[in-house]
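So the structure is just underneath, and the comments pick up after that.
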Amino acid sequence: MMSKAVDALKSDKKVRTVIFRSEVPGIFCAGADLQERAKMHSSEVSSFVSKARATINEMANLPVPTIAAIDGTALGGGLELALACDIRVAASSAKMGLVETKLAIIPGAGGTQRLPRTIGVSLAKELIFSARIVDGEEAKSIGLISHVVEQNESGDAAYRRALALAQEFLPQGPLAIRVAKLAINQGMEVDLVTGLAIEEACYAQTIPTKDRIEGLLAFKEKRPPRYKGE
């Protein structure tokens, strides 16, 4: 189901920002069903993890901004899903961790790669080696999430903060945001000189767009721009 949803989002030009959330109170994504996993043959486990890894990679490669709204527990694959998003927002009461070493396995859907890229190598090793679970406040202090909010009575404080962030993105040029994300994502995987060349190539993509002309015209006329993604 998730894979099909991600495929649909990739080709929908009207989508400007994607927020990943759960409607289950107190749970963002608790990871794999361990009772189901116990019944699997080893070959089935490998296939299951490969599919999960592929889906999460597709999420990470969505061309628009993605926000994980963590209003509850995000463990194992649930945190790996959140790590694939551009921005993470969590309630202070949320619990997050890559806990796979407790089960004598390792994170297999990107956790060993995305966590150190997010919070640094040494701290990522510490959290994975210890299978430690952190709350929203600690997650913010170590850079795992961008924003922490007090949970509300509805249990959707992180989602509401994510919506507010998305509203900040909407007035901006949609093509520019897509290209900016591409430049950042590709640039982070290479050296600075190569990254600057990627930025130059991405910038060139924005020059012939109608949106760029509209932005200049709107500035001249002192009015909000009306971008069309063209």
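The values are calculated or read from the model by the stated rules, or taken from the named source; none is laboratory data. Small disclaimer: the values here were computed from a predicted structure and weren't measured. Every residue, glycine as well, gets a Cβ built from its backbone with ideal geometry; the counts of neighbours run over all protein chains shown. SASA here: full protein model, heavy atoms, side chains in, ligands and nucleic acids out. Shrake-Rupley method; radii C 1.70, N 1.55, O 1.52, S 1.80 Å.
So which residues in region 197-230 are of a type in the set (Phe, Trp, Tyr) and either in contact with a strand residue (DSSP E or B) (Cβ under 7 Å, 6 or more places away or on another chain) or surrounded by fewer than 16 Cβ atoms within 10 Å (Cβ to Cβ) (or both), if there are any at all? Break it down stepwise before answering.
Step one: filter region 197-230 for residues of a type in the set (Phe, Trp, Tyr), giving 203, 219, 227.
Result: 203, 219.
Residues that are open to solvent by 40 Å² or more (accessible area, probe 1.4 Å) and touching a Gly at 6+ places or on another chain (Cβ under 9 Å) within region 185-195 comprise 186, 188, 189, 194, listed in sequence order.
Scan region 140-169 for residues that are in contact with a helix residue (DSSP H, G or I) (Cβ under 9 Å, 6 or more places away or on another chain) and exposed (fewer than 15 other Cβ atoms within 10 Å of the Cβ) and jot them down. Scanning region 140-169 gives 143, 150, 152, 154.
Would you kindly identify the strands (runs of 3 or more DSSP E) lying entirely within region 1-102 that contain at least 2 residues that are modelled with pLDDT of 85 or more, over 11 Å from the mean Cα position of the chain (by Cα) and buried (at least 17 other Cβ atoms within 10 Å of the Cβ)? It would help to see each step written out before you state the result.
Numbers: elements: 18-20, 27-29, 66-70, 73-75, 87-91, 95-97.
Hits in region 1-102: 27-29, 73-75, 87-91, 95-97.
The set of residues in region 141-184 that are under 15 Å from residue 227 (Cα atoms), without any contact (Cβ under 8 Å) to a residue 60 or more places away in the chain and touching a Gly at 6+ places or on another chain (Cβ under 7 Å) comprises 173, 175.
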